[in-house]
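The values are calculated or read from the model by the stated rules, or taken from the named source; none is laboratory data. What you see is a predicted model; the values in this text were computed from it and never measured. Ideal geometry is used to build each Cβ from the backbone, glycine not excepted, and the neighbour counts take in all protein chains shown.
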Amino acid sequence: MVLISTHETRAFLFSTLLIAQLFWMARADVHFYDFILKETKVTKLCETKSIMTVNDSFPGPTIKVHKGDTVYVNVNNRGDYGVTLHWHGVKQPRNPWSDGPEFITQCAIMPGTNFTYEVIFSDEEGTLWWHAHSSWTRATVHGAIVISPESGKSYPFSEPDDDKVIMI
């Protein structure tokens, strides 16, 4: 009988886990978004006010991904206030610095600076949202996240013909 050394066993297990991880990563897509935050004059109900917007829109852009995908969001703060973004309902295992609570997991992105978030959609599906996590900016800096099932997997119901996001 041949015994395998502990070193060889560990090397085999490590190699197997590494290959499995690479196969898992190969299935998922990586998406890149640029969010430019700045003060924008907006007229609602005959009154013009300056609010912070993302890419000149209010609400901000919708992020569309599949379960398992990774998103990098480069936030360039051209506004007048420090801000952080929070990915509501998204788990951030091993990645807490991209979760967004100001002065808890990260410092604010100060005016004139930028920060790139890494958001990993490990097991989420459905419609979630992202929003500012700093003072009053959370009222205007927000948008939807649409997470479809993994590529090649079916929905737990009939596949929708189209998605329409309604933010209230």
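For the range 93-117, taking the residues that are over 13 Å from Ile63 (Cβ atoms) and assigned to a strand (DSSP E or B), the one that is modelled with the lowest pLDDT is identified as Glu102.
May I ask you to verify whether Val71 is crowded, with 21+ Cβ neighbours inside 10 Å and either touching a residue at least 12 places away in the same chain (Cβ under 8 Å) or not charged (D, E, K, R) (or both)? Answer is yes for this residue.
Applying the selection to the range 28-44, what residues are of a type in the set (A, V, I, L, M, F, W, C) and without any contact (Cβ under 8 Å) to a residue 24 or more places away in the chain? Break it down into steps so the answer makes sense when it comes.
Just the residues of the range 28-44 that are of a type in the set (A, V, I, L, M, F, W, C), to begin with: 28, 30, 32, 35-37, 42.
Residue satisfying the conditions is Val42 alone.
Filtering the range 36-67 to residues that are farther than 20 Å from Asp80 by Cβ and either of a type in the set (Asp, Glu) or outside any strand (DSSP E or B) (or both) leaves Leu45, Cys46, Pro61, Thr62, Lys67.
In the range 83-112, the residues that are closer than 11 Å to Ser134 by Cα reach residues that are surrounded by 13 or more Cβ atoms within 10 Å (Cβ to Cβ) and of a type in the set (D, E, K, R) with C-beta atoms within less than 6 angstrom, at least six apart or across chains, in these pairs: Thr84/Glu102; Ala108/Glu102. Scan the range 11-30 and tell me whether some residue there is at pLDDT 95 or above and under 19 Å from the mean Cα position of the chain (by Cα). For the range 11-30, residues at pLDDT 95 or above and under 19 Å from the mean Cα position of the chain (by Cα): present. Taking the range 102-131 as the range and being among the aliphatic types (A, V, I, L, M), under 20 Å from Asp29 (Cα atoms) and surrounded by fewer than 18 Cβ atoms within 10 Å (Cβ to Cβ) as the test, only Leu128 passes. Annotation: of all residues in the range 112-137 being touching a Lys or Arg at 6+ places or on another chain (Cβ under 7 Å) and not aliphatic (A, V, I, L, M), the one that is nearest to Thr53 (Cα to Cα) is His131. Only one of the numbered conditions (1) touching a strand residue (DSSP E or B) at 6+ places or on another chain (Cβ under 7 Å); (2) modelled with pLDDT under 80 is not met by Pro59, and that is (2).
Which residue out of Glu159, Glu150 is in a loop (DSSP other than H, G, I, E, B) and either in contact (Cβ under 8 Å) with a residue 60 or more places away in the chain or touching a strand residue (DSSP E or B) at 6+ places or on another chain (Cβ under 7 Å) (or both)? Only one candidate qualifies: Glu150.
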